[in-house]
Every structure is written in structure tokens, then in C-alpha cells.
Amino acid sequence: MHADTGDGPRARSGGEAVIVRAPTEARNSGTYDIDLLPALDVLRQINAEDTTVPAAVGAVLPELARAVELGVAALESGAAIHYFGAGTSGRIAAQDAAELPPTYGIPPEWVVAHHAGGGDALVHAVEGIEDDWEAGRADAAGVRPGALAVGLAASGRTPYVGGALAAAREQGATTVLISANPDAPLGRDVDVHVGMNTGAEVIAGSTRMKAGTAQKLALNAFSTAVMVRFGRTYSNLMVGVDASNAKLRGRVVTILVQATGMPEQACADALTAAQGDTRVALVSLLADVDAADAARALNASRGRVRPALADLGVAADPR
């Protein structure tokens, strides 16, 4: 048995006990009697602890903003953003990456999630895989120079994440750690450490609780801000959505009505002329040009609506 600092490329297995020194492992003095309480009071204690999470995220927004700019820089350079995590952290990462293409119309290779143990570990816990430094290095083998590698680890010491970040650095990527431990060992070597102080969990060490919620909030905010800064929205509207089915077509028509103030039929006709491309339809409507001219302006602006409109001589107000 030994105390773990998270340092070094080692995997651990069979019978060795590791004492993790992290705030997430401490006992919460406010929930000592939780096992004696009726259901409603158990829920009240959980809810009271959950209300502290947004403030913990808010305290690290400057660091999160730096991470956002690194993400935008990676995409601007033609590289990708890679997430690495195990357990709850990895599942949060996988969910975030999976939801970006349909929400913002981006290729799936722009933001890629790597979960320790692969796809099977997303639905079934694979014991020990998070302790494998070399597995992290192997999963980061495809990270290219200019990319951004984002490691998620509640304790800030997960060997799988450490191996992935180390390999990514060696390959010329910038690195970010998102943790629930301001003093995370892995935070020493990254470009930005987003270390949220969520404190002790309701149930000691159950980091799917506050630490997981904090990581979900931070990662959602990170990816959304990257998409906004990268021009994948117009005002607060999702203009990267492509109308690939009837439900999405209706949603896109609503977005076009909201953005332009024009009648539904005019927006539907513009969407048809744009072959389902929301941004082409939007620029066509706002600039009063045909779909071909709108597409050319968007190509010149790398898909950003406002610069495309400016190039066409339109100063749009999306309110």
C-alpha cells in the first residue's frame, strides 16, 4: 500500500492498494448521518451539495477561457480537439463529443473522445483500465501537432489520462486538464489546468456526483464556447444544423424565421434552394442573394455567417 501522487508512467494491477490524496476522496462532515435519513432528507442533502457546483466552475472561468482559445486555435490550424478520460469522466467526454456534430454541423473528426477501455467501457465498467499509463499513450497516438488534448480526471491523477497527455505533448499538441482537484498532480505539466474545487462528495469518493457534474458543466461550456468563437452560431442560434430529416427541417425553418423575421414559407423556400444548408439559406435571406452567391461568401469566410454578410455589404442585427 502506498500514497499516490499521480506521477510517472506506471500501470497498477492485482492487489496493490493506492491511497489517492485528493479533495474528492475526503469525508463530507455534512452527510455523516445520511444512512439514517428518510428518502426526502437524503435528497435534500444531495441537492444542497449540488448547489455548490456552479460556484466551483465559476471560480475557474479564466482558466476555462484560456482552454477555449486553445481549442479555437487547434481548429483554426486544421487540427482537432481530443478528449481523454476514464469512467465517469470518459463518459462525459464521449457524450459531449457525440452531440457536437448534430448541434453545430461539424465533422466528427473535429472533436474526438477517447475513453479508457474503448466502447465497451462506456456501458460496462472495466476495472483497472484507468491505471494504465501506456494505454493512454497508445490512445493518443493519433494526436497531431497543433491539436488540443483535453484530459478529464476528477482526482487529477488518473494514469490513463496522464499517459495520453504526455504523449500528446511529445507530438506537439497543447494540453488541458479538467479536474476537481486544484492541486492535481497532472496539472503541473499541462498548458492550462482547470482545477475546480468541488470538495468532498456526499458519499466519500463517489466522483460521479459533484465532480462529475462540475466536469459536465465545464466541458459543455468549453465546447459551446469553442463553437461560438469558431463562428458556428449566428447570435445565439444554431446555424450549423443541416435539415437532414423532417423534424430538423422544421427546426431550421424556425431558426431562419427567428434570425430574419421573414415568413415561414419564404424561409422554407430559401432552405430548399440551399439544399438544406442552414447558413446558406440564412445568408441568402439576409443579403437578398441567391444560394450560389451565399455559398461563395460563406466559403470565403470559412463558414462564418457575419463575415459572409459583411462581404456582401450587409450589417445584420440578429435581435
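One Cα centroid belongs to the range 234-261, the other to the range 142-169; the line between them spans 36 Å. Normalised by the number of residues in the range 167-266, the mean separation of alpha-carbon contacts (under 8 Å, six or more apart) gives a relative contact order of 14 percent. List the relative contact order of the chain as a percent without decimals, with contacts defined as Cα pairs under 8 Å and 6+ residues apart. Normalised by residue count, the contact order of the chain is 18 percent. In the chain, taking the dipole from charged Cβ atoms about the Cα centre, the farthest positive-side position among T51, G212, Q258 is held by Q258. Across the alpha-carbon atoms of the range 161-315, the computed radius of gyration and Dmax are 21.3, 61 angstrom. Each Lys and Arg contributes +1 and each Asp and Glu -1, all at the Cβ; summed about the Cα centre of the range 150-303, the dipole is approximately 440 debye.
Per residue, the solvent-accessible area of the chain (1.4 Å probe, heavy atoms of protein chains only, all protein chains present) comes to 46 Å².
With +1 assigned to the C-beta of every Lys and Arg and -1 to the C-beta of every Asp and Glu, and no other charges, what is the dipole magnitude of the chain about the Cα centre in debye, to the nearest 20? Please list the in-between numbers first.
Values: 26 positive and 36 negative charges, 107 e Å.
That gives a dipole near 520 debye.
Most simply put, the chain has about 10% antiparallel DSSP beta bridges, counting only bridges with both residues inside it. In this simple spin-label approximation, T254 and S77 carry label points 7 Å from Cα along the Cα→Cβ vector, and these lie 3.9 nm apart.
In whole percent, and with a 1.4 Å probe on the protein chains, what portion of the accessible area of the range 162-319 is carbon and sulfur?
48
Think of the chain as a dipole: +1 on every Lys or Arg Cβ, -1 on every Asp or Glu Cβ, centred on the Cα centre; then among A138, V314, L271, V314 lies furthest on the positive end.
Annotation: peptides 140-148, 99-107, ranked by per-residue average of other Cβ atoms within 10 Å with the highest first, follow the order 140-148, 99-107.
Would you please state which residues of the range 181-223 a label at R44 would reach in this model, taking the label point 7 Å out along Cα→Cβ and a backbone N cut-off of under 19 Å? Those under the cut-off are 202-203. Two decimals is fine: what is log10 I(q)/I(0) at q = 0.10, 0.13, 0.14, 0.15 Å⁻¹ for the chain, from a Debye sum with one equal scatterer on every Cα and no solvent? Listed by q, the Debye log ratios stand at -0.65, -0.94, -1.03, -1.11. Taking the protein heavy atoms of the range 21-159 in the context of the full set of protein chains, the accessible area attributed to carbon and sulfur is 57 percent at 1.4 Å.
The values are calculated or read from the model by the stated rules, or taken from the named source; none is laboratory data. As the structure is a prediction and not an experimental result, all values here were calculated from the model. Here the Cβ is made from the backbone with ideal geometry for all residues, glycine too, and neighbour counts use every protein chain on show. For the accessible areas, the whole protein counts, side chains as well, though only heavy atoms, and no ligand, DNA or RNA atoms are used. Shrake-Rupley method; radii C 1.70, N 1.55, O 1.52, S 1.80 Å.
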